Amino acid sequence: MRRTQTLVVVTLLLAAGRPVLADPELRSPGVDYVRDVQPVLSAHCYECHGAEKQKSGYRLDVRELAFAGGESGEQAIVPGDSTASPLIRFVAGLEPDMLMPPQKSDQPRLTPEEIGVLRAWIDAGASWPASASVTIRDPSDWWAFKPIALSPPPLSDERNAGWSRHPIDQFIAAKHREKGLGHSPEADRRTLLRRLYFDLTGLPPEPDAVERFTANPDSLAYEKLVDELLASPRYGERWARHWLDVVHFGETHGYDKDKPRPHAWPYRDYVIRAFNEDKPFGRFVEEQIAGDALFPGTADGLEALGFIAAGPWDFIGHAELPESKIDGKIARHLDRDDMVSNAINTFSSLTVHCAQCHDHKFDPIKQEDYYRLQAVFSALDRTDRVYYDDRALTTQRDALEARRREFPARKEAIEAAVRKLAGQPLIDLEREIAAAAKDPRPPRSPQYGYHSAVGAEENGVKWVQVDLGRQTAIQRVVLAPCDDDFNNIGAGFGFPVRFRVEAGNDPAFAGDALCLSDQSGADYPNPRNVPQGFANHATARYVRVTATRLAPRQNDFIFALAELEVFDEAGRNVATGAPVSAHDTIEAAPRWSTANLVDGVFPAAENAGSDRLAKLRTARDELLARATDPASAAALQTVAAQRDAVTRELAALPAPKTVYSGAVHHGEGSFTGTGAYGGRPRPIFVLARGDVTKPGKEVSAGALEAIPVDSGIFQLPPDAPEQSRRAALARWLTHRDNPLTWRSIVNRVWQGHFGRGLVETANDFGHMGELPTHPELLDWLAAAFRDGDQSIKQLHRLIVTSATYRQASLDNPDAASIDGDNTMLWRQNRRRLEAEAIRDSILAISGKLDLAMGGPSFQDFTIEKAENSPHYRYDLADPENPALHRRSVYRFIVRSQQQPWMAALDCADPSMLVPRRNETITPVQALAQLNNQLMLVMAKHFAARVDVEGEDAVAKITRAFHLALGRVPDPEELASLAAYVSRHGLANGCRAIMNLNEFVFVD
Amino acid sequence: MFRNASPFHQSAARAEAASPLSRREFLWASGGGLGGIALSMLLGEERAQASVVPGALGGVLHHPPRAKRVVQMFMAGAASHIDLFDFKPELIKRHGQPSDFGEHVEAFQDGLGPWMKPVWDFAPHGGCGKLLGAPVAELGKVVDEIAFVHNMTGKTGVHSQGTLLQATGFNRPGFPGMGCWVSYGLGSSNDNLPAFVVLPDHRGLASNGTKNWDSTFLPGQHQGTVIYPGTANPIADLFPAPQGDFITPASEGAGISLLHHLNARHAAGRGGDERLNARIQSYELAARMQLAAPEALDVSNEPGHIRRLYGLEGAQGSFAPQINPIEETEYFSRRCLIARRLLERGVRFVQIWSGNDNGFPRRNWDSHEDVERDHGPLATGMARGASALILDLKQRGMLDDTLVIWTTEFGRMPSTQGGKGRDHNPYVFTNWLAGGGIKGGVSYGESDEWGYKPLDRSAATEVYDIHATALHLLGIDHTKLTLRHNGIDRRLTDVHGHVLSGIVA
């Protein structure tokens, strides 16, 4: 100990540059924390270890924390012993790796004098008065984490007794009184109708509906209208879109090579259905997290899991990088982070993802909580899940699929026995092969050849053929095998086990084809890299190779050829560059393409001469064949027969449904999910600073400890199936005592009706979010919702029948001077319509809106280069195509390229969670609304419609106005429009109407 | 008022800056015969005096700026530092020998073949004597303006993540591009053109598509506006689509007037809502953009010596099917010339892309198969355009306050993939900067003897540092330009970033 200390002092002298503090006796006895020490810490340390930041979890402005130290767990200040205090060792540079402030920091290094002050203070006992320490507030002492309070609505006073219709108004009026505000008068009926139509259905009212409603003497006409609109299927379409914003639903992966997800839409339909059927909210939450576990056998329970997979997915980071690589780990960490964020932001309105590097700075979310949430989802990937509405069928199919996945292992077991029989010679041979495989190979062209689609059955027939352009005297056909190290197959990859080579003049080979070589009667030995020639005479235009028994891979079958050569009598290869067609093809450029079959590129041509590796592999095959005893051969045959039987059974089932969802992935190509391990969740560790190379403690599934929900929910046996983790999270979220879930949803619905929630930050109820403007009302709504039927429709009804909702949106300068943002709701907010509502309105008034519900999304683009990195060409869509005239909620949502017109109008960006849309007004938006092809085409249809529906110019214009704005024009408006239309035509007039402010704003 | 995150903030700011309302109302009341476009021109002159639409900083910078605008060049696919800018004689010495990094290396593909020397010879250039690879020799003319940063390091070797990291500061989607932040902070200095313009490779977008410049949580007007010069609609919907056969110049002018008239009446009864006036103005601005954009994009009137400077004198209509330097020069250099015209006209941030996504045949910098084949033409075209742009800015006195940034998602390995290509190297690569307060003729930071990792691994330069430096030069403290989103005060540099004082003049 003494020795170490001496060493430290000597080093300190070197580091400090000149001999200060060598003799402890020389130190000033009277160092005062506030006068001498705090200024040093403040100048050099607080930037990274103060109130704002606590790098390495260390904080120097709070006494207890300053002494305790950071993440390392080591005490940072040892009173009475400065040389043992890491604080001194770090600032003095005694531990070069831990030099503070660090080399890269902008903070100035401590001077020797300042170091001396710190040392003297510590050696004197490090006296630190409590009054000079920052006190930290308990982060869980915060409104959002407290139980929902059940307070009765405040009583009305005389001033608004006549106004208050029901509890909501009483809460609002109480705040009005408090702030010296009053309410606005009720909006006129026409305004109310238009507001209600857009709020509940996202579509404008038809003129008939406007006139019916304004003339309706029934005192309950408004309430009846509310019920009518809530019962309309249009309602679910409208409100599903709000939900899809929050959960960042998209139909492509995003990132690089942004591939489509053709089966994402069933989740969208599920959400629409849930709103229309008024599914109790608790069940809605539970289905999206753990529908498969809690409601087994229901289609809803599986389709809802599209929630988990809604966000982006890094295809390259997963499919091309194994989990064992660092980059592969990062991709999977980001993927789980997205699942966790989606779940907790959406249902709890908390920003849990801040806790992946350290405990949340502001909210009571521990880093460990965050990783426990990752453990909830760690068995899952994003993938297609196959199912039926009929539970029995789903079970049957799942069982068959499970059996099918067993065959490779069974086959391997038999082969292992055979390998044992083959003994040492096989081991030697394989060692030789391994050595040969390491020899540097000459560079190869990437154009491997033709590759069929992958087949499930060995005896599935596949063919590929060339068109020589004209009848040709054929002398010889050569088939060159491929070489691909996929599954360690190497040379001979995909070469058919049985096949025929035919020539003919009918491209369909229906008639008089001549068989040049028939190898379909017995298995053909794999030729490895040696091209196989078949000499025979024929005069024909087409040459076809038909595989009648495919080449096996792991558990499926393919047909691949590197080159097909057809030699004429002059010895020329006349197939070069000829058009190629095939039964099917995977087309994965540059390696696999039909054109590669006749491009002159094949392994044998590239590495001319003998290929030692290929010969060794042939020798191994022969050795294994000799070693295969009759019993093993029979067993292998049995496995093959059973596999074929299972494949046939699967094929005999009715076509299943598919949904892209969070599910256990059974692997595809080089991608492995957890399916191979029985869906066992991946182990999850707390990662130091979120770094995948620094795993710490392993954690089990859990949620946020600070939320007062029965912690027994997550007490699962270690071998519990993965679904039980998600089921636990679902139960945790929907627990009566979890205040976040209920406040979160009523706030979102409120936001939908007023443009702003009672909490403005709908995804963040934490310390960085806004405070509720009406906390008692929020809790009253949350409690009523939770303890009632958890019916979102009832919640709508409650809100829109309030006097608060029915206020006019007109300005009141006096009120605005008190509350310019209208947070107290002294009027209703005027709202700009969303991109979807504007587009749907345009289609509706033009008479083109197709109200067909559900099913695959319409694509208002053309995909170019689909085989590699798809280009989404919105400019190539035909706006006259009726398939594109459905409601916008059915639009196919691309992540890497948003639809430009929709994006200009602030549609939700599916690469991020959107609790509330930005609302911008830009010239680009004006251009989009003026000039986009959809606008112009619809302007013509709109004009054609009113041209028929109105008798004269005035009637036509009036009709157009009425359709678009829900009212007739006043004389001045009519005159201006009529003058314009008379000179420039009805289509131009209709285009102008669709660009009016009144068209895109709702009062 | 609403804070910056509010949807209304920016449009409100725009309305307040210009507030020509009373004048418009006067004009309408007194002389309704004016056509909309003419009216907007009139109002535009009025606004020209107010000149600037302020950004989130309200025109108040954190310190005096060195630069007012930025042009960023992005080499999609990962450009090789060791074949172009970062000369490694050790690789020449060890060429063909089995590579040995002295530690376990995770290659993205199979990139741990033998060492490979630089594909081209290097020669010294400029007063600083910087060694440059042959295809980028053209940059030798301006090398004394350039600061090279040779110890850039990334996070992963995945294109999408690397591209997002360099473009947005985050390796996952959902964050605004660098130009969005600059537009957000500084606002626009020309109402008639977008503040942030993107000139993509004409063959397609790079990894992540528009996510590299989307505004995400920043208000939409800060989004990069994509411009394809030379096409009928260089900006989406700038002019009516062909289906608008019923539209005539007369109907356009009168239509804009009609909209003004009806919208003003509508707004008059709805006081206290700036959005309604902002939307009226947006139609004026749109009309002005229709005039300003084609003029800005039209290079036909550029004099011969300028066209020659950019290598555009013999513009060709068609090119050889193989990748070739003439075609690459024509397209990249033309984008550089257009960038200069946009910058001259007040665009804040221009982003120029070289290379598209990973299609086939390869038209980007991801030279797994053959560095010489792809990098040769791409680098030749890039160097010609970049060099010409710097010279051109300089001769116009604009280089002093225009920051030029050259970047790519990561570098390439000093070893081969068995053939003539190089695998991804996220561990070290090169950026370079010029103009706008940058110290020229310097090389900052070093990679190790192979160009495999930073020489000093504890002091690598990260994208945050480049971004912090760029914002610093624009007069912005990178820690103070923030917007709260989902509970976090987001900024371009996340929680990192240090100004690279070594490259600041």
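The values are calculated or read from the model by the stated rules, or taken from the named source; none is laboratory data. Bear in mind the structure is a predicted one, so any value in this text is a computation, not a measurement. Cβ atoms come from the backbone with ideal geometry, glycine included; neighbour counts cover every protein chain shown.
Worth a mention:
- Meets criteria (within 22 Å of the chain's Cα centre (by Cα), assigned to a loop (DSSP other than H, G, I, E, B) and among the small types (Gly, Ala, Ser)) for A:GLY673: yes
- Of all the criteria given as (1) surrounded by 17 or more Cβ atoms within 10 Å (Cβ to Cβ); (2) more than 30 Å from A:GLU760 (Cβ to Cβ); (3) touching a Pro at 6+ places or on another chain (Cβ under 9 Å), the one not satisfied by B:LYS420 is (1).
- Subset of the stretch A:308-366 [touching a Pro at 6+ places or on another chain (Cβ under 6 Å) and within 10 Å of another protein chain (Cβ to nearest Cβ)]: A:PRO312, A:GLY328, A:ASP363
- Here A:ASP338, A:ASP363 are screened, and the one residue that is part of a helix (DSSP H, G or I), of a type outside the set (A, V, I, L, M) and within 19 Å of A:LEU913 (Cβ to Cβ) is A:ASP338.
- Inspection of the stretch B:445-467 identifies no residue that is in a loop (DSSP other than H, G, I, E, B), crowded, with 23+ Cβ neighbours inside 10 Å and of a type in the set (Lys, Arg).
- In the condition set (1) assigned to a helix (DSSP H, G or I); (2) within 14 Å of chain B (Cβ to nearest Cβ), A:ARG397 is compliant with all but (2).
- Of residues in the stretch A:903-928 being in contact with a Lys or Arg (Cβ under 7 Å, 6 or more places away or on another chain) and surrounded by fewer than 24 Cβ atoms within 10 Å (Cβ to Cβ), the one nearest to the other protein chains (Cβ to nearest Cβ): A:GLU919
- Lone unmet requirement of (1) without any contact (Cβ under 8 Å) to a residue 24 or more places away in the chain; (2) not in a loop (DSSP other than H, G, I, E, B) for A:SER324: (2)
- Residue check for B:ASN324: over 24 Å from B:ARG363 (Cα atoms) and either under 25 Å from the mean Cα position of the chain (by Cα) or modelled with pLDDT of 90 or more (or both): no
- Wholly enclosed helices (runs of 4 or more DSSP H) of the stretch A:100-182 bearing at least 2 residues touching a residue at least 24 places away in the same chain (Cβ under 8 Å): A:112-123, A:167-179
- Of all the criteria given as (1) more than 7 Å from chain A (Cβ to nearest Cβ); (2) in contact (Cβ under 8 Å) with a residue 40 or more places away in the chain, the one not satisfied by B:SER215 is (2).
- Test for A:VAL946: is it crowded, with 21+ Cβ neighbours inside 10 Å, among the β-branched types (Val, Ile, Thr) and at pLDDT 95 or above: yes
- Within the stretch B:182-212, the set of residues being over 21 Å from B:ASP357 (Cα atoms), within 9 Å of chain A (Cβ to nearest Cβ) and within 15 Å of the chain's Cα centre (by Cα) comprises B:PRO194 only.
- Residue count for the stretch B:66-94, restricted to those that are surrounded by fewer than 18 Cβ atoms within 10 Å (Cβ to Cβ) and either basic (Lys, Arg) or under 21 Å from B:LEU343 (Cα atoms) (or both): 1.
- Taken residue by residue, the stretch A:650-661 has at least one member that is of a type in the set (Val, Ile, Thr), over 25 Å from A:ARG549 (Cα atoms) and not in a helix (DSSP H, G or I).
- Checking B:HIS261 against (1) more than 9 Å from chain A (Cβ to nearest Cβ); (2) within 30 Å of A:ALA816 (Cβ to Cβ); (3) surrounded by fewer than 21 Cβ atoms within 10 Å (Cβ to Cβ), the condition it does not meet: (1)
- Matching residues in the stretch B:219-250 - criterion: being at the interface with chain A (Cβ under 8 Å from one of its Cβ atoms) and either in contact (Cβ under 8 Å) with a residue 24 or more places away in the chain or touching a Cys at 6+ places or on another chain (Cβ under 7 Å) (or both): B:PRO219, B:GLN221, B:GLN223, B:THR225, B:ILE235, B:LEU238, B:PHE239
- Index of the failed condition, A:LEU851 passing every other in (1) within 8 Å of another protein chain (Cβ to nearest Cβ); (2) out of contact with any Pro (no Cβ under 7 Å at 6 or more places or on another chain): (1)
- Within the stretch B:355-389, the set of residues being buried (at least 24 other Cβ atoms within 10 Å of the Cβ) and among the β-branched types (Val, Ile, Thr) comprises B:VAL371 only.
- Lone unmet requirement of (1) surrounded by fewer than 22 Cβ atoms within 10 Å (Cβ to Cβ); (2) closer than 30 Å to A:PHE249 by Cα; (3) more than 9 Å from chain B (Cβ to nearest Cβ) for A:VAL1002: (1)
- Which listed residue, of B:GLY179, B:GLY157, B:GLY140, B:GLY169, is more than 11 Å from chain A (Cβ to nearest Cβ), touching a strand residue (DSSP E or B) at 6+ places or on another chain (Cβ under 7 Å), of a type outside the set (A, V, I, L, M, F, W, C) and crowded, with 24+ Cβ neighbours inside 10 Å: B:GLY179
- Test: residue in the stretch B:434-451 that is modelled with pLDDT of 95 or more, among the basic types (Lys, Arg) and in contact with a helix residue (DSSP H, G or I) (Cβ under 9 Å, 6 or more places away or on another chain): yes
- Filtered residue count, the stretch A:954-1003, keeping only those that are farther than 14 Å from A:SER846 by Cα, among the β-branched types (Val, Ile, Thr) and either within 41 Å of the chain's Cα centre (by Cα) or not in a helix (DSSP H, G or I) (or both): 3
- Odd one out for A:ALA808 among (1) within 12 Å of chain B (Cβ to nearest Cβ); (2) of a type in the set (A, V, I, L, M, F, W, C); (3) within 30 Å of B:THR231 (Cα to Cα): (3)
- The stretch B:355-399, subset free of Cβ contacts under 8 Å to residues at least 40 places away in the same chain and under 30 Å from B:PRO65 (Cβ atoms), residue farthest from the other protein chains (Cβ to nearest Cβ): B:GLN395
- Sole exception among (1) outside any helix (DSSP H, G or I); (2) within 9 Å of chain B (Cβ to nearest Cβ) for A:GLU951, by number: (2)
- Checklist (1) within 13 Å of another protein chain (Cβ to nearest Cβ); (2) at pLDDT 90 or above; (3) out of contact with any Pro (no Cβ under 6 Å at 6 or more places or on another chain) applied to B:GLU330, failing item: (1)
- Count - residues of the stretch A:688-713 that are more than 26 Å from the chain's Cα centre (by Cα) and in contact (Cβ under 8 Å) with a residue 24 or more places away in the chain: 7
- Taking the stretch A:211-288 as the region of interest, none of the helices (runs of 4 or more DSSP H) fully inside it holds 1 or more residues being at positive phi.
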